[in-house]
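Okay, structure first, notes after.
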Amino acid sequence: MSASGGTKAIVAALVANLAIAVAKFVAFIFSGSSSMLAESVHSLADSGNQGLLLVGGKRAQREATPQHPFGYGRERYIYAFLVSIILFSVGGMFALYEGYEKIKHPHEIEHWYWPIGVLVFAIIAETFSFRTAIKESNVLRGKKSWSEFVRHAKAPELPVVLLEDLGALVGLILALGGVGLALATGDGVWDGIGTLCIGVLLILIAIVLAIETKSLLLGEAAGLEDVQKIEAAMVDGETVTRVIHMRTLHLGPEELLVAAKIAVQHDDTATEIASAIDAAEARIREAVPIARVIYLEPDIYSEAEAAKGADREATPGGPAAHPTEH
């Protein structure tokens, strides 16, 4: 991911949400609309989330230490996961509570022009923020669908901002609908129903974000395209004849670990093998620049050994447990 592109989208969303949060809260004070209160808390939570993403991006740039030899790239995943938790609790659950209270104790919306005016302003501001996130994401998305981009992106910031902005826009439309129906019917229950819908929306988005960032935290392999590039770069057809097996792992959005067992000629000298490994590492880094940590183990390829399949003892997680084991 382009770090500058992600930062630009985050800053655009942060500025928009801070302005919108203030406007919504003022509208709530004058109108008493629960939809406006839920939306103001939603925007405030989103502002905090964007702040967390900026902090995570900054902390991830720290140099590796003896205690953390692979660096701090995964801090970006941790902070993105915190965003999903905050969106679920502060945004979604608060909106559900406010909606329930408003349905239970409805009251008429006062000074209708405040919530209507602020919601229209908020929709315009969120549209500009959403447009920036879409523009920066398109640079990386390529031919992928939006669903594929969100599911498979290794950098969490743009998917998080995209989903937050989408949720904010839909939430604003729901709030506008709830306030509009409450004004048209004179029944404040509609305002509460709009608030409940906002809460459900935020919780669904938070769940999607939590699932995707949890996968990144656990450790994801390189994408298929990068795997193919690495395998092609590793083999020179002379000293390195094939890849016996390979593992990849994202240490961060822009840092990839590559570990592979490569087949070499049985009569090559140690010097020739060492030179071939160095050359293979250089080719890999040229083909996939984010492959920064590379471990290559030379071996002699055996058809008989290959026919046995993967070695479960050598696989992370160990051998498959028997059903009776705990």
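A few remarks follow.
- Once the Cα gyration tensor of the chain is diagonalised, semi-axes √(5λ) in Å: 52, 20, 15
- More than 14 angstrom apart: percent of Cα pairs within the stretch 65-117: 74 percent
- Couplings for the stretch 30-35, taken from phi via the Karplus curve 6.51 cos²θ - 1.76 cosθ + 1.60 with θ = phi - 60°, read 7, 9, x, 6, 5, 4 Hz in order; Gly and Pro are left as x.
- A 1.4 Å probe over all protein chains sorts Arg151, Arg62, Arg74 by accessible area into Arg151, Arg62, Arg74, starting with the largest.
- Ile207 paired with His266, simple spin-label distance in nm, labels 7 Å along Cα-to-beta-carbon: 5.8 nm
- Between the stretch 220-293 and the stretch 76-150, the Cα center-to-center distance that results, in Å: 43 Å
- Helix 75-86 axis versus longest C-alpha principal axis of the chain: approximately 30°, rounded to the nearest ten.
- Across Leu54, Leu202, the residue with the most accessible area heads the list, and the full order at a 1.4 Å probe is Leu54, Leu202.
- Rounded to the nearest 20, the size of the Cβ-charge dipole of the stretch 76-210 about its Cα centre is 800 debye, with Lys and Arg at +1 and Asp and Glu at -1.
- 22 Å tail of the calculated P(r), the stretch 165-287, as % of Cα pairs: 59 percent
- The chain: calculated mean residue ellipticity at 222 nm from DSSP helix runs of at least 4, using -39500 (n - 2.57): -21500 deg cm²/dmol
- If only the Cβ of Lys and Arg carry +1 and only the Cβ of Asp and Glu carry -1, the dipole of the chain around its Cα centre is close to 840 debye.
- Length gained on full extension, Lys104 to Thr241: 42.1 nm, using 0.36 nm per residue less the C-alpha separation.
- Binning all Cα-Cα separations of the stretch 174-233 at 10 Å, short to long from zero, yields these whole-percent fractions: 20, 22, 18, 15, 13, 9, 2.
- Karplus-based coupling profile of the stretch 197-211, in residue order and whole Hz: 4, 4, x, 4, 4, 5, 5, 5, 5, 4, 5, 4, 4, 4, 5, with θ = phi - 60° in 6.51 cos²θ - 1.76 cosθ + 1.60 and x standing for Gly or Pro.
- Using θ = phi - 60° and Karplus 6.51 cos²θ - 1.76 cosθ + 1.60, couplings along the stretch 176-193 (whole Hz; Gly, Pro as x): 5, x, x, 5, x, 5, 5, 6, 5, 9, x, 10, x, 4, 4, 5, x, 5
- Between Gln61 and Val200, the modelled label-to-label distance comes to 4.3 nm, taking each label 7 Å out from Cα in the direction of the beta carbon.
The values are calculated or read from the model by the stated rules, or taken from the named source; none is laboratory data. Fair warning: this is a prediction, and the values are worked out from it, not measured in the lab. All Cβ positions, even for glycine, are placed from backbone atoms using ideal geometry, and neighbour counts span all protein chains on display. We work out accessible area using only protein heavy atoms, side chains counted, and drop any ligands, DNA or RNA first. Shrake-Rupley method; radii C 1.70, N 1.55, O 1.52, S 1.80 Å.
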